[in-house]
Every structure is written in structure tokens, then in C-alpha cells.
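Each remark here refers to the structure printed beneath this line.
The values are calculated or read from the model by the stated rules, or taken from the named source; none is laboratory data. Note that the structure is predicted; figures quoted are calculated from it, not measured. Cβ placement follows ideal geometry from the backbone for every residue including glycine, while neighbour counts extend to all protein chains displayed. For the accessible areas, the whole protein counts, side chains as well, though only heavy atoms, and no ligand, DNA or RNA atoms are used. Shrake-Rupley method; radii C 1.70, N 1.55, O 1.52, S 1.80 Å.
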Amino acid sequence: MSKNGKVIEREDVVVKFAGDSGDGMQLTGNQFSDASASLGNDLSTFPDFPSEIRAPQGTVAGVSGFQVRIGHKDVETPGDLADVLVALNPAALKSNLKWVKPGATIIIDIDNFDNKHYKKAGYVDDPLGDDSLQGYNLIKAPITGLSRATVRELNLGIDNKTADKTRNQFVMGLLFWLFNRDIEDGKEFILNKFGKKPHLAEANIAVLYGGYNYAETIEALSTTFQINPVKNRKGKFRQITGNVATAWGLIAGAEKAGKELFLGSYPITPATEILQELSNRKDLGVKTFQAEDEIAGVMTAIGASFTGKLAATSTSGPGLALKSEALGLAGITELPLVVVNVQRGGPSTGLPTKPEQSDLMQALYGRNGESPIPVIAASTPGNCFHYAFEASRLAIEHMTPIILLTDGYLANGTELWKLPDMNEMPEIKTPLVKDNDPDYQPYRRDPEKLNRFWAVPGQKGLRHRIGGLEKSDIYGEVSHDPYNHEKMVNLRQEKVDRIANYIPEQTVYGNKEGGELLVVGWGGTYGALHSAVKEMRENGSDISLAQFNYIYPLPKNTGEIFSKYKKIVVCEINNGQFSTYLRSQLPDYKYEQYNKIQGLPFYIAELKNKFQEILEDK
Amino acid sequence: MENTHKLTKKDFVVDGPVKWCAGCGGFSILSAVQNALPEINVPIEDIVFVSGIGCSSRFPYYIETYGFHGLHGRAAALASGMKSANPKLSVWQITGDGDAMAIGGNHFIHLIRRNIDINVLLFNNKIYGLTKGQYSPTTPKGSVTKTSPHGTIENPFNPGELTMGAQGTFFARVIDKEPKVMKEVFIEAHKHKGTSIVEILQNCVIFNNDVHEQVTGKEVKDDRTIYLEHGKQMIFGKERNKGLVLNKGYNLEVVTIGENGITEDDLLVHNAYDPNPNLHYMLGRMTYPDFPVAVGVIRSVKDTTYEVMLEEQVEHEKANSKIKNMTDLLNSGNVHVIE
């Protein structure tokens, strides 16, 4: 097959796949991403699906999407707007047209663009009949019809309903043409997926070629894209979601602590994959306990921690609320416990499948009594691994519960992640006690870190009792003594505060010596904030970024950094929780805010507009 | 240094005071537990007492083993985590009727359904003691308490019914005034592999004094309770002349030996090991005045336990997977090597 058309080399391209939630859009997106990764492109993906499993077909509510951005330089976000939109039905077109660049290529399945589908999608007029699609490169491909015909010709006895499930391979074939890809790579993916069902593999491969050949035939796709591999990038990479990276980071933490991992958890969107991934890792000694509810999830983990395991629980906002009392118990018993909270839109059930950063206050303060618990946050899908490992390290070495915040955007999004070298990761030092240690007392502390020590059932000569009632300093007897209580409250606080001595200093991207504007973000907004700041710096703006991963306690140099900039703007996917927190911790600085609460990540363009405004308002 | 000597009751007695009300049923239960533990042949350091919240849940502070005083209602979950994480431990859960049946009802039934090898001692005094006298989920209907000044309008739970309903493998009932029976039943509970529920009819001297007296009082006990022993006939009464049979409607019926041609041979023989729970269910729910209240081990059947199956799955996967460590996992599946 030869190509006669024009090939455009691009830095990056954003492709959005959209269809019914049963159409396999996530699979198609992943297949395309994987093919891109194997060619050496960098990438970032983001699925966008409704919380209903199969909302009514053809309706806007049922549209499931998958966005991928591939590039030949570092790709930090899945991109604001799409260069290519694949819309398998009118509803998919309707709900996604606003996220498409002017002049973009839009591929529709013309076989689904009829009055019946327009009605379901809520179109009053035929969108193909008015001028709403003017200015786009519209490809009206008969995807359903050609897929069915291709399958029928194979005479495999496959019915139309099953044949329709091959449509995503038609799309894939089209895209392989559009991006100058080797069609053999796509074939391999199908063989891996349908290896055990040869007739389905055959049908899907035939349709894949059908899509490719169709693209070659029609003139509309004479312009194709070329994304070259990333230069000077070497090593082993894999596509990873934030949830899998989190699960693996916990396993890595257990390995480096010489402990077995125990996860007590209850399924909740968008955190469930952590439980799923870990339940499949018994080969590494991981025990998972799918509890009857969120409370039992965390309580079983606390029980496991008491017996000397690296214990964790995974949840999302509503689940964290249910676990609050237990977190207080883990705090007062000073047991290591990693709590992963994959944030989603709230309050209450809120927006289960959409990202938000609105659990920060809950993580910091959402418990009864004086109950300080350290909080850290991951900022890319891949570095969920690192921060899950860090959470494990801090929990064990400081004998404390810790909350790791990620979000739905990191959890389900992927990036091409460079594999860490386990030999280079630090050992986690467990504050264990030797059997029969005559000096052991339940609340005797390490003089530096102030952690108590981890004596576990089964050890001789260390029998002791802990619990939710206040305990006497050192000896750990039940105590209602007023001065003892104050002392213990202060000791627990001081222990958490001193964690600041054991975390890295905050870094700044941009003008480290100070300057006009410091953008402050935390957690999952890193990609968008960094891209926006980078693009503006390349255009000469005096703008820098401090993205926080260590939230509580804050890195010790935070105030020093803030003092060097004329203006600070705190950007968050919530109504201003981190800025409120910073005002309480470091009240000497003025914090402007940029907040978005739409269940959507930041877009680079909107950030740049805001930053420009602040810079110009001198 | 830890003991190597043979354990005695003294090894389980704490230095500090036991802070229950004078006359509380808790004291005799504690003593029976301390008498039972030296006989279960478990090293003292492998024994853990776990509790929720309530008067009974202070228990871990009063026994010289590892102990964890947890959250209200959550002892079952805490204990489940411990036993699943380390099956070697002998885990004992102390709970009350409010802790286990109300706020912890969900964890209670799920513990039983999973059949994790935990010994649950359920102190049932049919009242909230630590909050000073509100009705509990086991308080008889119509009872006047601080929160039911006009009598409760709720049907009470019977722990035995809940246990059978949740597919329990072990249920026993004992009376706090009978130290020998308690000790023996606690040892039986330990021996049973799976969740053992032991309901203890406990007196609350302050807020529900003599709650069980109409059944367990010295004068009436023989006629109003029946002590069930595996393999023995279901016979009771001061005169040992009453017993239980199944009537034509497949219901339990109290009969008198010598009346209507009934002989001892007509009485039911207790089979605690019968996997079919139907008769155990009927025996567990017998209440005064229609029936004698059943005490002793009512059900004890073998089944797989959660923690053992979990361990087996882990060992199987460890032995059969190619992935032996984190580095193997990182390099598994779809890795792109870029040169």
C-alpha cells in the first residue's frame, strides 16, 4: 500500500474517541495509545465516561469517550481540544463538538446519522444539513455497514450484533492510515486480545484492514499525520494508570520494608481498580480483604497493621467520610496505615466518574478531636507509584496513618511511564522491637522522630494493650489525667510536624530566584499547570510553578519560596481549599485564586488566559 | 522474660484494677476466660483480645495478653483483619448486645458468613450499660427503659437466630453464673475452626438487674433452661422428666415423660454436628415461657475458614506465578523498550 497524499509532521495530536458506552471506546483508545507507545511517542490519556454502565443507547447521557494525546516531545496532559474526533453516533458528536479544534478532522459513522438517532441525541435539525460542521474536515464513513459487510463475507456465522462490535477496529484501521502506522501492529493487538477465539480475531482483523483500505480509497483523508518518536529518550516504558501505579507503589513499599501488604477495601468509583489490581497480586504475598463496607475496609487494615503488616485501605470521598472515626483510632493507636483517597466530584455522591480536588479539607481536618494525619498527593498517573511508596515509607517510619490523595483524572488517565529501578529505591526502616526487650513500653518514643515502636502479637515479652481511649505517656495505660491528655495531644502533633524533616524540599520550575508570578498547584493539576507555565515562559513571561506533593506538613522551605515572588496564584479543581490552608499555615503572603469546579481538569488555554491577566494587572 | 512454664490463670491476670461495677456479670466471665486459656495450648503471646465499645469491651484492658480496644461496633472487622493477616493468632472478640447487634450488626453477620476463625464472646445483658440504661436490640418488646418510657415497640434480635441466618458454624449459649460451663464452652469455641459465637446471658447489676433471673434464677433454672450436650437426649426439669420432641407439625414441643405414653426414648437426641441448621435454629430461638432456653453448644459444624483459604490462594499463586518480586512485575506485560 502506498501513500500519495500529503504528510504533515506534527509535534503532537489529540484524538478523541466517542460512542455509546458499550461501543468499546476505551478499548479502542488504549489500542491506539499502545501502538503509539511502541513507536516511541510520548502520550497521555484520559477516559471520560458516564457513571451509568449502559445508559440508554444513542443518548447524550450514554456517551463514553477516550482522549489521547501523542507527541514527539514530553506530553503532560491529554490535551485541551481534539485534532481528530471519532463520533460513532449523533449523541457523541453533539456532546463533543465543543471540545474540538477549528479545522479538526471529524470522523462519523454515517450509518448512525438518521432521524431516529437525531431524536435520541436531542438534535432538532439534521446536523449534517446545517452549517454547524462547516470548517471541519468531516469524514462520513459508513462504519457500521462496511464492518457488517466485511464480517458477512467471511462466512463465519457471526450475527450483526456481534459484527457491530468490530466497528472499533474499522476506526482503528482508519486511524492507522491517518497516522501512517504499520497495520501489522494493529493486527498483533487483536491476536493478543482474541487469541482464544480465532473466529473473532479473524473478523476483527478483516475489519481493521477494511478501515485501512477505506481510508486509502477515499480522497478526504489524503492528508495524514506523522508524529515522530521522542528524541533522546531511552529505557523501558509502559503505559500505566494512576490506580495501577498506586497499587504497585504499595507493593514496592511492602517489599522495601520487608513486610507483607494487606489491603482492606470496599469497591468505590474511581478507586476500585486499586483493590482489583492488588487482589490479583497474591503471587507477591499481597492479601486483600473486600470488606462489607468502607468502615470494615479500614478497620481490617488497622487490625492487619496491629499484627505487623503494611496495611492500606483505598477509597474515594464518600468512603473517606465513613472511615473518619477509624482514622482517629489509627491516629491515637499510632499504627502505620496508608489511606488512598481517589478524589471525585462531591459533595455526597456528587460526580462519581469526574475528577475534583475537593477532599483536601476532609483529609486534613475531617475527624473528631485533635487528630493530625499527614497528607501527600500524587501529580501524574505514573508518579502515583512514587507517592504510594512515599506514603508507605512515612506511615511505617513515623508510625502514623497517612492519606495519599490522587483523583479520578490521575486514577484512570495514563502516561508513558519510565520503569523505576527497584535497586535504587530506599529501604524502609521499620521501627520494630526485639522480643523480650525489657525497655519496651507501648508509648515510649524515638527521641528524634517521636514515633512509638511496633511490637506485634506473636512477639514474646511485649504484650500490651492499645485502643481508642487516651493513654498515659510511655506506659500506655488508660488515662483521663488532664495534663497527660494535653501532653499526648501535643506529642502526636509534634510527631506529624517533624515529618517535615524527612521529606524533600519544595522545588520550583522556572525562576528559582523569584520573580513576577508564582503559580501554586497541588496534586493532579501538574500536567496542565506545567504545560501552561512552560508555554508562557517560552514566550518570555516571568512566571514560575510550585506544584506541591507534600501537603501536610508542608516542605520547610515553602515560606521562603513564597517570599520571592510578587504575586502568587493558587490553582485548584475545587473552591479554594489549598489556598485557605496556605492562608492558615503561611498567613504572611497574599494568595490569588483560580478555581474550576466542573468535574473537568484544567485546560492549558484557560490557565494561560488567567495568568496573562494577572501578569498584565500590575 | 517470657514464660516457658505451663500457663496458669495467674498469667492472665493484669496488675491494674478491673473497673466494672461491683456485682457485674463481667467478673465471672473474665475469670472463666482466664481459667480456660491455660488449657487451650496456645502460647500466651499468640493470643489477642479485641473489642468494640461498651462495658464489656473494656475487657482487653483486664487480661494480660495482646489487646486492642477498638471502635463501637467494629470489633468484628478489626479482628477479621488480624486473623486474616496472621492466621497463627488466637483471636478473641469481646462484644455486647449493642456493639454486636446494633451498630455492629453488619460486621457481625459478615464475620459469621466468612467463617473466620474468631471466638466471639457476646455479653448479652439486654441493655445499654455504658450510656446508662437505654434499650438495646435484644431488649424484650414492651420493656420500659430510659429511651422507651412507654415500652419498646421493636422486636428484639435473638443472637442465635442471627447466627444461624448468617450460616454460622458454631453457636453456644452460657449463663454468667455458671463458671464451669462457661470455661468448657470457651474451650469448645477455641477448638472450633471458624467463627464461634458464644452468647453469654449476663447480668447488669445497675441498669437491668436480674434481667435473666426469670429463666436462670436458682429456683427456676432447671425447669426453664435445657442444657444441650452432643449425643445426649434433650431432657430437662427439676425432676428430669421433661424433654423435647418434634411434633407432627415439625415444631419443637415440650413433653413430659410418662404422660401420653412418652418415654425417654421418644426424646430428641442433640446432634450439634449436623450440617443442616434447621433444628439448631429452632433450638436457638426457644424462649421462656413457651420453651426452656437452650444453653450449651447448640451448633458446631465443620466448614472451610476464610483465613486458611486466603493463605492457600496466596501460597498457590506464589508457587505458580512467574512474578516473584516487584522488578518482575514492572517488567511483565506490555513494556516498550526504547533505544
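Just to be sure I understand the filter: pairs with C-beta atoms under 8 Å, separated by 6 or more residues or on different chains, first member in the range A:350-370 and outside the structural domain of A:G599 (by TED's automatic domain parsing) and of a type in the set (G, A, S), second member part of a loop (DSSP other than H, G, I, E, B) and open to solvent by 50 Å² or more (accessible area, probe 1.4 Å). Which pairs pass?
Within 8 Å, the pairs are A:S358/A:P347; A:S358/A:N575; A:S358/A:I597.
For the range A:541-560, indicate whether the set of residues that are over 25 Å from A:L404 (Cβ atoms) and of a type in the set (V, I, T) is non-empty.
Initially, the range A:541-560 is screened for residues over 25 Å from A:L404 (Cβ atoms), giving A:541-544, A:560.
Next, only the ones that are of a type in the set (V, I, T) stay: A:543.
Checking the range A:541-560: at least one residue is over 25 Å from A:L404 (Cβ atoms) and of a type in the set (V, I, T).
Any chance the range A:208-226 includes a residue that's open to solvent by 50 Å² or more (accessible area, probe 1.4 Å) and under 30 Å from the mean Cα position of the chain (by Cα)?
Checking the range A:208-226: at least one residue is open to solvent by 50 Å² or more (accessible area, probe 1.4 Å) and under 30 Å from the mean Cα position of the chain (by Cα).
Output the number of the condition that A:Y475 fails; it satisfies all remaining conditions of (1) within 14 Å of another protein chain (Cβ to nearest Cβ); (2) buried (at least 18 other Cβ atoms within 10 Å of the Cβ); (3) aromatic (F, W, Y); (4) out of contact with any Gly (no Cβ under 8 Å at 6 or more places or on another chain).
Among (1) within 14 Å of another protein chain (Cβ to nearest Cβ); (2) buried (at least 18 other Cβ atoms within 10 Å of the Cβ); (3) aromatic (F, W, Y); (4) out of contact with any Gly (no Cβ under 8 Å at 6 or more places or on another chain), A:Y475 violates only (2).
Name the single residue, out of those in the range A:250-278 being more than 10 Å from chain B (Cβ to nearest Cβ) and out of contact with any helix residue (DSSP H, G or I) (no Cβ under 6 Å at 6 or more places or on another chain), that is surrounded by the fewest Cβ atoms within 10 Å (Cβ to Cβ).
Among those that are more than 10 Å from chain B (Cβ to nearest Cβ) and out of contact with any helix residue (DSSP H, G or I) (no Cβ under 6 Å at 6 or more places or on another chain), it is A:G258.
Name the residue that is farthest from B:E311 (Cα to Cα), counting only residues in the range A:280-297 that are more than 7 Å from chain B (Cβ to nearest Cβ) and of a type outside the set (A, V, I, L, M, F, W, C). Don't jump to the end; show me each part of the working.
Step one: filter the range A:280-297 for residues more than 7 Å from chain B (Cβ to nearest Cβ), giving A:280-281, A:286, A:288, A:290, A:294, A:297.
Narrowing the set further to residues that are of a type outside the set (A, V, I, L, M, F, W, C) leaves A:280-281, A:288, A:290, A:294, A:297.
Working: A:N280: 14, A:R281: 13, A:T288: 11, A:Q290: 15, A:E294: 23, A:G297: 19 Å.
In this case the residue turns out to be A:E294.
In the range A:52-68, is there at least one residue being surrounded by 21 or more Cβ atoms within 10 Å (Cβ to Cβ) and of a type in the set (F, W, Y)?
Yes; the residues of the range A:52-68 include at least one that is surrounded by 21 or more Cβ atoms within 10 Å (Cβ to Cβ) and of a type in the set (F, W, Y).
Among the residues that make up the range A:217-226, is at least one of them without any contact (Cβ under 8 Å) to a residue 60 or more places away in the chain and assigned to a helix (DSSP H, G or I)?
Yes, the range A:217-226 contains at least one residue that is without any contact (Cβ under 8 Å) to a residue 60 or more places away in the chain and assigned to a helix (DSSP H, G or I).
When you scan the range B:70-81, how many residues do you find that are facing chain A (nearest Cβ under 7 Å) and under 17 Å from B:A189 (Cβ atoms)?
Summing the residues that are facing chain A (nearest Cβ under 7 Å) and under 17 Å from B:A189 (Cβ atoms) in the range B:70-81 gives 2.
Could you tell me which residue of the range A:409-421 is farthest from the other protein chains (Cβ to nearest Cβ), considering only residues that are part of a helix (DSSP H, G or I) and at pLDDT below 95? Full working, then the answer.
Of all residues in the range A:409-421, those part of a helix (DSSP H, G or I) come to A:409-412.
Next, only the ones that are at pLDDT below 95 stay: A:409, A:412.
Values: A:Y409: 22, A:N412: 18 Å.
So, considering only residues that are part of a helix (DSSP H, G or I) and at pLDDT below 95, the one farthest from the other protein chains (Cβ to nearest Cβ) is A:Y409.
When residues of the range B:149-189 are filtered for being touching a strand residue (DSSP E or B) at 6+ places or on another chain (Cβ under 6 Å), open to solvent by less than 60 Å² (accessible area, probe 1.4 Å) and either of a type in the set (D, E, K, R) or within 15 Å of B:L37 (Cβ to Cβ) (or both), how many remain?
5
Residue-wise test of (1) outside the structural domain of A:K16 (by TED's automatic domain parsing); (2) touching a residue at least 24 places away in the same chain (Cβ under 8 Å); (3) not in a helix (DSSP H, G or I).
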position: A:G211; (1), (2), (3): no, yes, no
position: A:G253; (1), (2), (3): yes, yes, no
position: A:K256; (1), (2), (3): yes, yes, no
position: A:F262; (1), (2), (3): yes, yes, yes
position: A:I274; (1), (2), (3): yes, yes, no
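For every residue, the table says whether it meets (1) farther than 28 Å from B:M326 by Cα; (2) open to solvent by less than 40 Å² (accessible area, probe 1.4 Å); (3) acidic (D, E).
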position	(1), (2), (3)
A:W417	no, yes, no
A:I428	no, yes, no
A:P431	no, yes, no
A:E448	yes, no, yes
A:R463	yes, no, no
A:I466	yes, yes, no
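Is it true that A:L545 is under 27 Å from the mean Cα position of the chain (by Cα), among the aliphatic types (A, V, I, L, M) and open to solvent by 10 Å² or more (accessible area, probe 1.4 Å)?
Numbers: under 27 Å from the mean Cα position of the chain (by Cα): yes; among the aliphatic types (A, V, I, L, M): yes; open to solvent by 10 Å² or more (accessible area, probe 1.4 Å): no.
No; evaluated as a whole, the condition is false for this residue.
Would you point out which residue out of B:I40, B:I53 is more than 24 Å from A:E260 (Cβ to Cβ), within 9 Å of another protein chain (Cβ to nearest Cβ) and open to solvent by 10 Å² or more (accessible area, probe 1.4 Å)?
Details: B:I40 fails: within 9 Å of another protein chain (Cβ to nearest Cβ).
Exactly one of B:I40, B:I53 is more than 24 Å from A:E260 (Cβ to Cβ), within 9 Å of another protein chain (Cβ to nearest Cβ) and open to solvent by 10 Å² or more (accessible area, probe 1.4 Å), namely B:I53.
Can you tell me which of B:Y250, B:Y273, B:Y288 is open to solvent by 70 Å² or more (accessible area, probe 1.4 Å) and within 18 Å of B:A172 (Cβ to Cβ)?
Numbers: B:Y250 fails: within 18 Å of B:A172 (Cβ to Cβ); B:Y288 fails: within 18 Å of B:A172 (Cβ to Cβ).
It is B:Y273.
Would you be able to say whether some residue in the range A:232-240 is open to solvent by less than 30 Å² (accessible area, probe 1.4 Å) and under 17 Å from the mean Cα position of the chain (by Cα)?
yes
Of the residues A:Q362, A:Q343, only one is open to solvent by 30 Å² or more (accessible area, probe 1.4 Å) and in contact with a Leu (Cβ under 7 Å, 6 or more places away or on another chain); which? Steps first, please.
Values: A:Q343 fails: open to solvent by 30 Å² or more (accessible area, probe 1.4 Å).
It is A:Q362.
Collect the residues in the range A:422-468 that are facing chain B (nearest Cβ under 8 Å), over 37 Å from the mean Cα position of the chain (by Cα), under 15 Å from A:E334 (Cα atoms) and in a loop (DSSP other than H, G, I, E, B), keeping them in residue-number order.
A:H464 - this is the single residue of the range A:422-468 that is facing chain B (nearest Cβ under 8 Å), over 37 Å from the mean Cα position of the chain (by Cα), under 15 Å from A:E334 (Cα atoms) and in a loop (DSSP other than H, G, I, E, B).
Only residues in the range A:298-309 that are more than 7 Å from chain B (Cβ to nearest Cβ) count as the first member; pair them with residues that are open to solvent by 10 Å² or more (accessible area, probe 1.4 Å), Cβ under 6 angstrom, at least 6 apart or cross-chain, and list the lot.
Every condition considered, the pairs that remain are A:G308/A:V456.
Identify all residues within the range B:205-228 that are part of a strand (DSSP E or B), touching a helix residue (DSSP H, G or I) at 6+ places or on another chain (Cβ under 9 Å) and not aromatic (F, W, Y); write none if there are none.
We begin by selecting, within the range B:205-228, every residue part of a strand (DSSP E or B); these are B:208, B:225-228.
Keeping just the survivors that are touching a helix residue (DSSP H, G or I) at 6+ places or on another chain (Cβ under 9 Å) gives B:225-228.
B:T225, B:I226, B:L228, listed by residue number.
Among (1) under 19 Å from the mean Cα position of the chain (by Cα); (2) open to solvent by less than 10 Å² (accessible area, probe 1.4 Å), where does A:G71 come up short?
With (1) under 19 Å from the mean Cα position of the chain (by Cα); (2) open to solvent by less than 10 Å² (accessible area, probe 1.4 Å) applied to A:G71, the lone miss is (1).
If a residue counts only when it is at pLDDT 90 or above, among the basic types (K, R) and within 22 Å of A:L529 (Cα to Cα), which strands (runs of 3 or more DSSP E) contained entirely in the range A:1-82 have at least 1 such residues?
Values: elements: A:7-9, A:12-20, A:42-48, A:63-71.
Filter on the range A:1-82 gives A:12-20, A:63-71.
Taking the range B:16-37 as the search range and keeping residues that are open to solvent by less than 20 Å² (accessible area, probe 1.4 Å) and within 23 Å of B:S90 (Cα to Cα), which one is farthest from the other protein chains (Cβ to nearest Cβ)? Show your work before the answer.
Taking the range B:16-37 as the starting set, the residues that turn out to be open to solvent by less than 20 Å² (accessible area, probe 1.4 Å) are B:25-26, B:29-30, B:32-34, B:36-37.
Still in the list and also within 23 Å of B:S90 (Cα to Cα): B:26, B:29-30, B:32-34, B:36-37.
Values: B:G26: 16, B:I29: 18, B:L30: 14, B:A32: 20, B:V33: 15, B:Q34: 14, B:A36: 18, B:L37: 13 Å.
Checked the range B:16-37; the qualifying residue farthest from the other protein chains (Cβ to nearest Cβ) is B:A32.
Would the range A:109-121 turn up any residue that is assigned to a strand (DSSP E or B) and at pLDDT 95 or above? Reasoning before the result, please.
Narrowing the range A:109-121 to residues assigned to a strand (DSSP E or B): A:109.
From what is left, the residues that are at pLDDT 95 or above are A:109.
Scanning the range A:109-121 turns up at least one residue that is assigned to a strand (DSSP E or B) and at pLDDT 95 or above.
Please list, ordered by residue number, the helices (runs of 4 or more DSSP H) wholly in the range B:229-339 having 1 or more residues that are touching a helix residue (DSSP H, G or I) at 6+ places or on another chain (Cβ under 9 Å), over 30 Å from A:K193 (Cα atoms) and away from every other protein chain (no Cβ under 14 Å). Give the derivation first.
Numbers: elements: B:278-284, B:306-320, B:326-330.
Once the helices (runs of 4 or more DSSP H) in the range B:229-339 are filtered for at least 1 residues that are touching a helix residue (DSSP H, G or I) at 6+ places or on another chain (Cβ under 9 Å), over 30 Å from A:K193 (Cα atoms) and away from every other protein chain (no Cβ under 14 Å), what remains is B:278-284.
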